[in-house]
Amino acid sequence: MGILTNILSFLISFGLVVAVHELGHLIAAKILGIGVKRFSIGIGKRLFGIRRGETDYCLSMIPIGGYVRLAGDVNENPLAAEPSHLNANPPWKRIIVYLSGPVANILLALILNFVVNISGYDEFRIAPVIGGIVEETPDGKPSPASQAGLREGDVVVAVDGNPIEDWSELSRQIILHTGEYLTLTIEREGEKREFDIAPWIDPESGFGQVGIMAHLEPVVSILTPLGEDLGFSVGDRILTINGASIGDASDFEENIEYMRALEKPPETVAVSFQRGEKHFALDIPFKHLDTEPVFTLGGSVRHVDLGFFTAIGRSVSETFTVAYEFYGVLYLLLAQRIPASEAIGGPLSIAAVSGRMAEAGFGIFVRFVAFLAIMLGIMNTLPIPMLDGGLIVLLVVEIIRGHPLSLKVRQRIQYVGMAILGFLLIFALYSDIKRLFF
């Protein structure tokens, strides 16, 4: 079921995002009077479709991606083009057509986020409380957190003056400050203190870390159907596992890791827990704790209901915050502060993540599709030949020069773009295989 879920969720999420992107090009071209020869969902051989006017709306064999074929393209001599052809139209019209794809992706993200926000959703939060300090970096040097004097129990209330409400927000800010200093505002024993700290680059993830771990109470916050069948409930506090006392969520995970490393892991594991004033004990097959999700410890889940206008505001804020942070990661990548092999993922990674998001629930999956739409929209604005951003750069050059580049030059630029995109695809697949299988 896992592989099938990954494939189906990938086709649905990626197919929707690409279809809307191409639909944006289609609508803009139609409004501006530019001819559209074909609008295809999928690529490769045409399977079936309908024709309306000059446009063939069809489904193609490979259900990944899609395309819009406009009348006339960058390879056509504008002097020989008909009035409805792309290159016969002024540059500003063509810029609008190319921009309409990324804009459609952003609008899709706004709509999807609004659907989740107006419908109400469960929000998982981990308080920004430090539960442990990593004393040393992998190369044996003191970690930034230990050098700065951070302590277990400190509450992070702000980063560079911006309020922090949960651990995921803190983690994002640390990643975005990879390779540069940031100021953490800490609340300790009722007093606020500021610490200047520079994240180090974790060799495993490639992203910035400061050496702090979240404080996670050993309390069940999220329960899977399997966990419910085994007899657990949300709010249960785990007390022991095979007799070993559990003080926080990391103790539980460390005990599972220890059993997993044994030459012969136990068949069952004794777990005791507290529910209200009562104590219970269960013998759980180790295979469930080893390979299957049973519950999530730590954090809290609350249901959020928003009014119509609040949902609109939240959706706009979420969409553009994700876009801003994605540009931040691109900057870190170009500045070589994070390794490309960790930052770039291909179709295998997207499929794996989309499968996990689909299994996590409808709202979480919709949020993921919104993120994917933002990512695709932003990637297409990059000034790489063959992408919308690269084509817009050529049109800006045409406006400055007063006439387009020669057909031969444009074709050569396209070949360069094809080579760049081909290299990126191969590199992404290599990163996927290395990340998922090695």
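Bear in mind these aren't lab numbers, they're just calculated from the coordinates by the rules spelled out. Because the structure is predicted, anything quoted here is derived from the model rather than measured. Virtual Cβ from ideal backbone geometry, glycine too; neighbours counted across all protein chains shown.
Assorted remarks:
- Candidate values [x] 23.1, 87; [y] 22.2, 75; [z] 26.0, 84 were compared with Rg and Dmax of the Cα atoms in Å computed on the shown model; the agreeing label is [z].
- Normalised by 2.2 N^0.38 Å, where N counts its residues, the alpha-carbon radius of gyration of segment 1-158 equals 1.66.
- Mean residue ellipticity, 222 nm, helices only, the chain: the sum of -39500 (n - 2.57) across DSSP H runs of n ≥ 4, divided by residue count and rounded to 500, is -15500 deg cm²/dmol.
- Reachable lysines, given that their alpha-carbon falls under 17 Å from the alpha-carbon of residue 45 and they are not under 8 places away in the same chain: 37
- Placing unit charges on the Cβ atoms only, positive for Lys and Arg and negative for Asp and Glu, gives segment 123-215 a dipole magnitude near 60 debye about its Cα centre.
- Counting every other Cβ atom within 10 Å of each residue's Cβ, 393, 68 order from fewest to most as 393, 68.
- Per-peptide packing, taken as the mean over residues of other Cβ atoms within 10 Å, places 112-121, 398-407, 265-274, 365-374 in the sequence 365-374, 112-121, 265-274, 398-407 from highest down.
- Where only alpha carbons of segment 180-236 are counted, the Rg and the Dmax (Å): 18.2, 48
- Derived scalar couplings between HN and Hα for segment 374-386 equal 4, 4, 5, x, 5, 4, 6, 8, 5, x, 9, x, 5 Hz in order, rounded to whole Hz, by the Karplus curve 6.51 cos²θ - 1.76 cosθ + 1.60 (θ = phi - 60°), x for Gly and Pro.
- When +1 charges are put on Lys and Arg Cβ atoms and -1 charges on Asp and Glu Cβ atoms, the dipole computed for segment 341-438 relative to its Cα centre reaches about 240 debye.
- Of the GluC sites (Glu not before Pro) found in segment 131-238, the ones in coil according to DSSP and having at most 14 other Cβ atoms within 10 Å of their Cβ are 135, 152, 165, 180, 189, 204.
- Folded to 0 to 90 degrees: helix 91-119 orientation relative to the chain principal axis, Cα: 30 degrees
- Dipole moment magnitude, nearest 20 debye, the chain about Cα centre, only Lys, Arg, Asp, Glu C-beta charged: 2720 debye
- Label-reachable residues, segment 360-396, where backbone N falls under 15 Å from a point 7 Å from residue 423's Cα toward its Cβ: 383-386
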